[in-house]
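Each remark here refers to the structure printed beneath this line.
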Amino acid sequence: MTSMDVPYEGGGKRAAASKAARVAAVAKPRLTWLTLAFMTTSSVASLRSAPTMAVYGLACVFLYVVPAIVFLLPTALVSAELASGWDGGVYNWVAQGLSKRMGFLAVWCQFAMTIFYYPTLLGYVASTIAYVINPSLANNGPYTAIVIMVLYWAGVWVSARGTSGVGGMASFGLIIGTLIPGTLLVLLGIVFLGQGNPSAAPMNAGAIFPQWTGIASLVLIVNNFLSYSGMEMNAVHVSSLKNPAKEFPRAMFLAMGLVLLIFILPAVAISWVVPSAQLSLTAGVMQAFDAFFQHFHIGWLTPLVAVGLVSASLGGMLTWLAGPSKGLLMISRQEGYLPPFLQRLNKNGVQQNILVVQGVVTTIIALMYALIPSVSSAYWIFSVITTQVYLIMYLLMFAAAMRLRKLQPDHPRGYRAPMLGALCVMGLLASLAAMVIGFVPSSQFGGGSVWSYIALIGGGLLLLGVIIPFAFLKASKPAWRQPGAADAASAEGGA
């Protein structure tokens, strides 16, 4: 039933019917917990980060497991409790636990990190495509910039048509572009070693732990925090589940197990065949496949694997387009944080103006790939800035979770995380440590000036994580609020 079915009686019944229709639309399940688990895995895990840790050889297992214990586990368990007790995603969690202004800062950081995330992700896609066209293009800045811009705007076009198919695309991309290639990479590596070929990286007991050569030797760990980021992002879709209280935690735990497998096993396999000194941060996965395929004389598989890897990355990008920008739209309509222009929806109920403005900024950043001599250096800088901005959100989320357990201990929760206080403290300390480490240049940065590096990272963090969000808060006006429109947007199932 819609408002058009109700006779006009002072407008009251029509308004009530319209509200009832919106509530019914919101209550209608649109996702299964398994689909949400695949969406989360797709948005968190990919083979893209494997080369970053493969440079450590067998020690990458240690370097993946430690951040998983101190960051991934607290994030998954804490976000599961928050999502099963409070709708609205990270904004509502932080707004209720701390304040509305801090809630906006949290959801802004979740959204703003994607400004650097897209160039990073699509830079990897460009390098993967290069192995089909011409491998030498993998380190070509102008080529990388063009691919980033074309693919991002294509993603905006797809998202602007509605997100009813995004979950399916993300699941499809995860299977054919991450699970299958990752399994193939590991199997090829096992056969490669089984034939008696030597591993490019030491595989003895002495290689289990990374060698300590100063604090710079641990800097690459910061990229693992980015790799594990996003477990909470799909909480914005929790109302689309049939039984959120039970199904969301179930989806998070399955996603967590898949994420660990996808990260660890392919990274070890890459270290078997590509020497660490020759690994490219953007093209390392295809370097490994190319080496295996040449060894086994099956080079014809290269284009097929590249297509699969690209599909996984694009599926993950669409998932990110569908999550943080929707959360930003919803709370901006409720509280008037963004100007009306950025709150407008297209005919499909999608926040197209937000995506377009973000795309303009993404395009400008993409051009930096053409200006910075080393593609790997640009990739690394953008990865660290992305992590730094996103860690602000995690600091706020963990602090809010502790406050909510104290302020609202009897609030209904479908899931209660064990030892929540200890988990939150662990997550807070891990996030702070990652932020500090992020200001130390890695060897992957090259021989540039240390102070230039610190200025780039600090400037990006200050601009995106502090100046812009507080400028929006200062400029916000009560007239910008559109709470009814926010409910309608949610009912439409926009991105």
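The values are calculated or read from the model by the stated rules, or taken from the named source; none is laboratory data. Note that the structure is predicted; figures quoted are calculated from it, not measured. So basically every Cβ, Gly included, is an ideal-geometry build from the backbone, and we count neighbours across all protein chains shown. Accessible surface is based on the protein model in full, side chains and every heavy atom, while ligands, DNA and RNA are left aside. Shrake-Rupley method; radii C 1.70, N 1.55, O 1.52, S 1.80 Å.
Val305 versus (1) modelled with pLDDT of 85 or more; (2) more than 23 Å from the chain's Cα centre (by Cα): which is the lone unmet condition?
Status for Val305: all satisfied but (2).
Kindly indicate whether Leu404 is at pLDDT 90 or above, open to solvent by less than 30 Å² (accessible area, probe 1.4 Å) and farther than 19 Å from Gly230 by Cα.
Yes: the conditions hold for Leu404.
Among (1) modelled with pLDDT of 85 or more; (2) in contact with a Gly (Cβ under 9 Å, 6 or more places away or on another chain); (3) within 18 Å of Phe248 (Cβ to Cβ), there is one condition Ser79 misses while meeting the rest; what is its number?
Every condition holds for Ser79 apart from (2).
Residues to consider are Pro51, Pro74; find the one that is modelled with pLDDT under 85, part of a helix (DSSP H, G or I) and out of contact with any Phe, Trp or Tyr (no Cβ under 6 Å at 6 or more places or on another chain).
The unique qualifying residue is Pro51.
Table: residues versus (1) in contact with a Ser or Thr (Cβ under 8 Å, 6 or more places away or on another chain); (2) modelled with pLDDT under 90; (3) among the β-branched types (Val, Ile, Thr).
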| residue | (1), (2), (3) |
| --- | --- |
| Tyr394 | yes, no, no |
| Met397 | yes, no, no |
| Arg413 | yes, yes, no |
| Ala417 | no, yes, no |
| Cys424 | no, no, no |
| Ala430 | no, yes, no |
| Ser442 | no, yes, no |
| Gly446 | yes, yes, no |
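Select from region 96-116 the residues that are open to solvent by 20 Å² or more (accessible area, probe 1.4 Å) and part of a helix (DSSP H, G or I) and write down the one among them that is modelled with the lowest pLDDT.
Only one residue fits best here, namely Phe116.
Please state which of the following conditions Ala401 fails to meet, knowing it meets all the rest: (1) among the small types (Gly, Ala, Ser); (2) assigned to a helix (DSSP H, G or I); (3) more than 20 Å from Pro324 (Cβ to Cβ).
(3)
Restricted to region 154-174, and to residues that are at pLDDT 75 or above and crowded, with 16+ Cβ neighbours inside 10 Å, which residue is nearest to Met286 (Cα to Cα)?
Here the residue is Gly155.
Is one or more of the residues making up region 118-126 open to solvent by 20 Å² or more (accessible area, probe 1.4 Å), at pLDDT 85 or above, more than 15 Å from the chain's Cα centre (by Cα) and over 30 Å from Lys242 (Cβ atoms)?
No, there is no match, as no residue in region 118-126 is open to solvent by 20 Å² or more (accessible area, probe 1.4 Å), at pLDDT 85 or above, more than 15 Å from the chain's Cα centre (by Cα) and over 30 Å from Lys242 (Cβ atoms).
For region 233-347, list the helices (runs of 4 or more DSSP H) that sit wholly inside it and hold at least 1 residues that are without any contact (Cβ under 8 Å) to a residue 40 or more places away in the chain; which are they?
Once the helices (runs of 4 or more DSSP H) in region 233-347 are filtered for at least 1 residues that are without any contact (Cβ under 8 Å) to a residue 40 or more places away in the chain, what remains is 244-273, 284-296, 302-322, 340-343.
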